[in-house]
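Below you will find the structure I want to go over with you.
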Amino acid sequence: MRVHLDGDSLTLEEVAAVARQGREVRLAEAGARGIESSRELVERFIREGRAVYGLNTGFGKFSDVAISGQELEDLQRNLIYADAVGIGRPFDREVTRAIMLLRANALAKGFSGIRLGTVQTLLDMLNRGVHPVIREKGSVGSSGDLCPLAHMVLVMMGEGEAEYRGAVMDGGQAMAAAGIAPVTLKPKEGLALINGTCAMLGVAALAVHDAFVLMKTADIAAALSLEALEGITDAFDPRIHRARPHKGQLESARNILRLCAGSGLTTRQGQARVQDAYGLRCIPQIHGASRLAAEYVKAVVETELNSATDNPLIFPEGDGAVLSGGNFHGQPVAIAMDTLGIAVAELGNVSERRIERLLNPALSGGLPAFLAPNGGVNCGFMVAQYAAAAVVSENKILAHPASVDSIPTCANQEDHVSMGTIAARKAREILGHVQHVLGIELLCGAQAADFRGSAKLGAGSRKAYETVRSAVSFMESDRILYKDMDRAALMVGSGELLNAVEQVVQALE
């Protein structure tokens, strides 16, 4: 099923489908009309000799420098050369594909003055698998993501580097192999292609999509641990949560009760003890707070998906205005992604504490130390907890906000910058760490359930247990664990575990 771009209706699910599944992309008729209308206005300005920023003037601090007609193409080409200064390793292919998609969708809004054929070239690259090598670092996220997007445009011009059919090669070579003619940038086009937030947004969109899978999976892992630790279900009584009716808290509490329904392992208040430690008792409050934060982040990102973020913007309707503003500034995305990083890091923090409780014989209520059948000869999951602790600790460093920093650029013309691309990259790295931590919790929860009697698990928890066991067997004696940990993390990140559990339990909230 194709994705049709009109600049107004792209969804997170469609971004993920294009980025990860290679879904074909086309311009909707409305998007094509908008692009052509704004380009007609640009052509008129050129004929009239009207001074327009970025069309026939220099950029940034050079905005007062007029550019003659014969130098207009040089102006656009040189802009791309000057801005392609990326540092570090390339973005993953899925992020690169998201960036390309999002730039095309922003242009489809019809406020950028680019030619229809130039946008079609970008879509042809996306559909035929020509993926520019875009380095992760080098954007301060103020005048958009000039640096990473310039690396994308180099390949459109037949330069730079690209990955095509699994091989990295010269950009011109990749374009030729895919049967795509490079473009020669015309007035306004270089600026239209790189002046926007689409690099930070490409990272952010995939991170937000994955974060909602993670939120539900965190409830699943927590429910399995709760049962393995013979936790008290009274803490999830709806009356408690209606008395403090935060949406995320209510959702998480309902999820836990549904997952544990029918359990023969959970206990009631006063049966084994009066109350549990916070890592169990406060699951809805902790997970719920992260859910609330993620909802805010999702709203910001969904708005940004269908926004025009370059400058100046061209409004063909009415008097044909060309207005310079600051929609390229990444601050909305920057603050949102810093928030997401913090929210996801907290899911890892509390998951690691549940892992400790499962492994520590002083806290686990009778489970073997480190869940090892023959402790002493075997270490069990002892050092898996070290690994979880290591990435949880690293997350605390990564969760320091990028958006509160600013280093002026462009001779102080760009005197406040967002660092939004850094915020997005950090949030995505935190998310990857937490996928591994939840994977470790699931491995420990499944091992503990085997000691307790997995047949006694509630319906949702039992399905989670069975899904883990379909890939990772009970650990009778010490073995190489990192492969098991990788399988479990992939099960979390891909949504495999969530999908399996939701076949038994109605879709989780």
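Out of all the residues in the range 411-426, is one or more out of contact with any Cys (no Cβ under 9 Å at 6 or more places or on another chain), crowded, with 22+ Cβ neighbours inside 10 Å and charged (D, E, K, R)?
Pass one, the range 411-426, residues out of contact with any Cys (no Cβ under 9 Å at 6 or more places or on another chain): 411-420, 422-426.
Still in the list and also crowded, with 22+ Cβ neighbours inside 10 Å: 417-420, 422-426.
Add one more test, that the residue is charged (D, E, K, R), and what stays is 425-426.
Checked the range 411-426: at least one residue is out of contact with any Cys (no Cβ under 9 Å at 6 or more places or on another chain), crowded, with 22+ Cβ neighbours inside 10 Å and charged (D, E, K, R).
Next up: For residues in the range 83-103 being surrounded by fewer than 24 Cβ atoms within 10 Å (Cβ to Cβ) and of a type in the set (D, E, K, R), which is nearest to residue 302 (Cα to Cα)?
The extreme case among them is 94.
Hey, any hits in the range 488-496 for a residue that's within 25 Å of the chain's Cα centre (by Cα), assigned by TED's automatic domain parsing to the domain that holds residue 219, outside any helix (DSSP H, G or I) and touching a residue at least 24 places away in the same chain (Cβ under 8 Å)? Please lay out each step first, then the result.
Within the range 488-496, the subset within 25 Å of the chain's Cα centre (by Cα) is 488-496.
So of that shortlist, the ones also assigned by TED's automatic domain parsing to the domain that holds residue 219 come out as 488-496.
So of that shortlist, the ones also outside any helix (DSSP H, G or I) come out as 494-495.
Within this subset, residues satisfying the condition of being touching a residue at least 24 places away in the same chain (Cβ under 8 Å) are 495.
Within the range 488-496 (the criterion being within 25 Å of the chain's Cα centre (by Cα), assigned by TED's automatic domain parsing to the domain that holds residue 219, outside any helix (DSSP H, G or I) and touching a residue at least 24 places away in the same chain (Cβ under 8 Å)), the answer is yes, since at least one residue qualifies.
Checking the condition more than 19 Å from residue 258 (Cα to Cα) and crowded, with 17+ Cβ neighbours inside 10 Å, which residue from 442, 438, 490 passes?
Of the residues listed, the single one that is more than 19 Å from residue 258 (Cα to Cα) and crowded, with 17+ Cβ neighbours inside 10 Å is 438.
Right, next: Return the residue satisfying two criteria in turn: it lies in the range 233-285 and is among the polar types (S, T, N, Q) and farther than 23 Å from residue 297 by Cβ, and of such residues it is surrounded by the most Cβ atoms within 10 Å (Cβ to Cβ).
Only one residue fits best here, namely 266.
Return only the number of the condition from (1) more than 30 Å from residue 101 (Cα to Cα); (2) charged (D, E, K, R); (3) in contact (Cβ under 8 Å) with a residue 12 or more places away in the chain that residue 319 does not satisfy.
Looking at each condition in turn, residue 319 falls short on (3).
Could you please find all residues in the range 82-97 being assigned to a helix (DSSP H, G or I) and within 21 Å of the chain's Cα centre (by Cα)? Give the steps one after another, and end with the answer.
If we filter the range 82-97 for residues that are assigned to a helix (DSSP H, G or I), which is where we start, we get 82-83, 93-97.
Scanning the range 82-97 gives 93, 94, 95, 96, 97.
Considering only residues that are without any contact (Cβ under 8 Å) to a residue 24 or more places away in the chain and either closer than 16 Å to residue 305 by Cβ or under 26 Å from the mean Cα position of the chain (by Cα) (or both), which ones fall in the range 21-40?
21, 23
Which residue out of 244, 291, 273 is in contact with a Gly (Cβ under 6 Å, 6 or more places away or on another chain) and either assigned by TED's automatic domain parsing to the domain that holds residue 139 or charged (D, E, K, R) (or both)? Give the steps one after another, and end with the answer.
On the way: 244 fails: in contact with a Gly (Cβ under 6 Å, 6 or more places away or on another chain); 273 fails: in contact with a Gly (Cβ under 6 Å, 6 or more places away or on another chain).
Every option except 291 fails the conditions.
In the range 64-80, which residues are surrounded by 14 or more Cβ atoms within 10 Å (Cβ to Cβ) and either modelled with pLDDT of 70 or more or more than 16 Å from residue 186 (Cα to Cα) (or both)?
72, 73, 75, 76, 77, 78, 79, 80 - these are the residues of the range 64-80 that are surrounded by 14 or more Cβ atoms within 10 Å (Cβ to Cβ) and either modelled with pLDDT of 70 or more or more than 16 Å from residue 186 (Cα to Cα) (or both).
Which ranges mark the strands (runs of 3 or more DSSP E) fully within the range 104-211 that have 1 or more residues being touching a strand residue (DSSP E or B) at 6+ places or on another chain (Cβ under 9 Å) and surrounded by 24 or more Cβ atoms within 10 Å (Cβ to Cβ)?
Filter on the range 104-211 gives 130-132, 161-164.
Right, next: Restricting attention to the range 201-223, report how many residues are under 15 Å from residue 12 (Cα atoms) and either modelled with pLDDT under 95 or not aliphatic (A, V, I, L, M) (or both).
4
A quick yes/no check of all residues on (1) among the polar types (S, T, N, Q); (2) assigned to a loop (DSSP other than H, G, I, E, B); (3) within 18 Å of the chain's Cα centre (by Cα):
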position: 426; (1), (2), (3): no, no, yes
position: 431; (1), (2), (3): no, no, yes
position: 435; (1), (2), (3): yes, no, yes
position: 441; (1), (2), (3): no, no, no
position: 449; (1), (2), (3): no, no, no
position: 460; (1), (2), (3): no, no, no
position: 466; (1), (2), (3): no, no, no
position: 479; (1), (2), (3): no, yes, no
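Output the residues belonging to the range 327-383 that are farther than 22 Å from residue 281 by Cα, surrounded by fewer than 24 Cβ atoms within 10 Å (Cβ to Cβ) and aliphatic (A, V, I, L, M).
Those that are farther than 22 Å from residue 281 by Cα, surrounded by fewer than 24 Cβ atoms within 10 Å (Cβ to Cβ) and aliphatic (A, V, I, L, M): 335, 369, 372, 377, 382, 383.
For the range 41-52, how many residues meet the condition of being in a helix (DSSP H, G or I) and either free of Cβ contacts under 8 Å to residues at least 12 places away in the same chain or surrounded by 14 or more Cβ atoms within 10 Å (Cβ to Cβ) (or both)?
7
For the range 289-310, state whether one or more residues are buried (at least 23 other Cβ atoms within 10 Å of the Cβ), outside any helix (DSSP H, G or I), over 18 Å from the mean Cα position of the chain (by Cα) and of a type outside the set (Gly, Ala, Ser).
Within the range 289-310, one or more residues are buried (at least 23 other Cβ atoms within 10 Å of the Cβ), outside any helix (DSSP H, G or I), over 18 Å from the mean Cα position of the chain (by Cα) and of a type outside the set (Gly, Ala, Ser).
Between a residue in the range 9-20 that is under 17 Å from residue 126 (Cβ atoms) and in contact (Cβ under 8 Å) with a residue 24 or more places away in the chain and any residue that is polar (S, T, N, Q) and part of a helix (DSSP H, G or I), which pairs come within a Cβ distance under 8 Å, given they are 6 or more apart or on different chains?
Once the first residue is under 17 Å from residue 126 (Cβ atoms) and in contact (Cβ under 8 Å) with a residue 24 or more places away in the chain and sits in the range 9-20, its partners that are polar (S, T, N, Q) and part of a helix (DSSP H, G or I) give 10/105.
Further, regarding this structure: All but one of (1) modelled with pLDDT of 95 or more; (2) touching an Asp or Glu at 6+ places or on another chain (Cβ under 9 Å); (3) of a type in the set (S, T, N, Q) hold for residue 139, so report the exception by its number.
(1)
Also, quick follow-up: Would you say residue 364 is under 34 Å from the mean Cα position of the chain (by Cα) and either of a type in the set (Gly, Ala, Ser) or not assigned by TED's automatic domain parsing to the domain that holds residue 347 (or both)?
Answer is no for this residue.
Hey, another quick one. Against the condition at pLDDT 85 or above and farther than 16 Å from residue 123 by Cβ, how does residue 38 come out, does it pass?
yes
Oh, and also: Out of all the residues in the range 394-408, is one or more touching a helix residue (DSSP H, G or I) at 6+ places or on another chain (Cβ under 6 Å) and either assigned to a helix (DSSP H, G or I) or without any contact (Cβ under 8 Å) to a residue 12 or more places away in the chain (or both)?
Yes, the range 394-408 has at least one match.
Tally up the residues in the range 253-270 that are in contact (Cβ under 8 Å) with a residue 40 or more places away in the chain and out of contact with any strand residue (DSSP E or B) (no Cβ under 9 Å at 6 or more places or on another chain), please.
The total comes to 10.
The values are calculated or read from the model by the stated rules, or taken from the named source; none is laboratory data. A quick note: this is a predicted structure, and the numbers were derived from the prediction, not measured. Positions of Cβ are backbone-derived with ideal geometry, glycine not excepted, and every protein chain shown enters the neighbour counts.
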